[in-house]
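Inspection log for the structure reproduced underneath, given as structure tokens.
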Amino acid sequence: MMNSKKIILAGAILILGSATLVKAQFKINARTVTGGADVVKAATLTDADVAKLCLEYAKWMDEHNPVAPADSKYAIRLKQLTDKHVNESGLNLNFKAYLVKDVNAFALADGSVRVCAGLMDIMTDDEILGVIGHEMGHVKNKDSKDAMKTAYMASAARKVASSQDGAVGYLSESQLGALGESLANAQFSQGQEKSADDNGFEFLKKNNYNVLAMSTAFRKLAAIEKENVSSGKKKSQILSSHPDSEKRAERMEKRAKEQ
Ligand SMILES: [Zn+2]
């Protein structure tokens, strides 16, 4: 089982940040890291290295989380929503649902987009698409790539890998766990989040989906955040470091109304 701290940190790589966390079952790492990550400043990873890491990490995530089987209602719905978007904006995207309660979604730089069942349960189709558009924004803007790079450089994985043969990639189970831990700690800036929100909005607009869906999605998240805080379940650092959902909702609503 994950402890709440790790799950909260996991929010950082995801769209939702603070809304996600209380009942989460999301597995992001193998709890193998003992802290004291080594931050190395000189980022020497090539794009090919990062691509390889992302592929491996996506595979690891899919192996360690319950991927919805093709005949589950989540997989069917997600496929229906995303089938025509696998090459959106020149990206090469693949989508899977995880059968976990988290209200969350994330994207890796290789174009792997994962959506949690908890999010699908509370959101309309257009809201899910808005979230997906947001995640595509992170991929398109290279936020996901930078996060992977930072995570790798900060993680124990780098140390171990380089002490073996100096090659990036083909990480062991525990190295991938360390990478996940690191990735969870790599937060997007508010600017990056805003820009991803805008991408979500543009995506809805371009495809004739309901442009109000971004704001209503954030309102739902805001309600969850409020509930979590008032029930004392958590006072997450994400609340201070993440643009709060209510503000994001307002900004997206304003944009929608300007249309
Ligand atoms: Zn985001």
Exercise. What does the charge count near T46 come to, summing +1 for each Lys or Arg and -1 for each Asp or Glu among other residues with Cβ under 13 Å from its Cβ?
Worked result: +1
Exercise. Hey, can you rank 221-229, 49-57 by average C-beta count inside 10 Å, highest first?
Worked result: 49-57, 221-229
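Would you list S172, S155, S182, S230 from fewest to most Cβ contacts within 10 Å? If you can, show how the numbers build up before the last one.
Details: S172 13, S155 29, S182 25, S230 8.
Least to most surrounded, the residues fall as S230, S172, S182, S155.
Order the peptides 183-195, 138-150 from the highest to the lowest mean number of other Cβ atoms within 10 Å of their residues.
Working: 183-195: 18.4, 138-150: 21.8.
Packing proxy ranking, top to bottom: 138-150, 183-195.
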Exercise. Simple spin-label model, 7 Å along Cα-to-Cβ: K79 to D49 in nm?
Worked result: 3.8
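Read-outs: derived from the displayed coordinates by stated rules, not from any lab. Please read all numbers here as calculations on a predicted model, not as lab measurements. Glycine also receives a Cβ, built like all others from the backbone with ideal geometry; neighbour counts cover every protein chain displayed.
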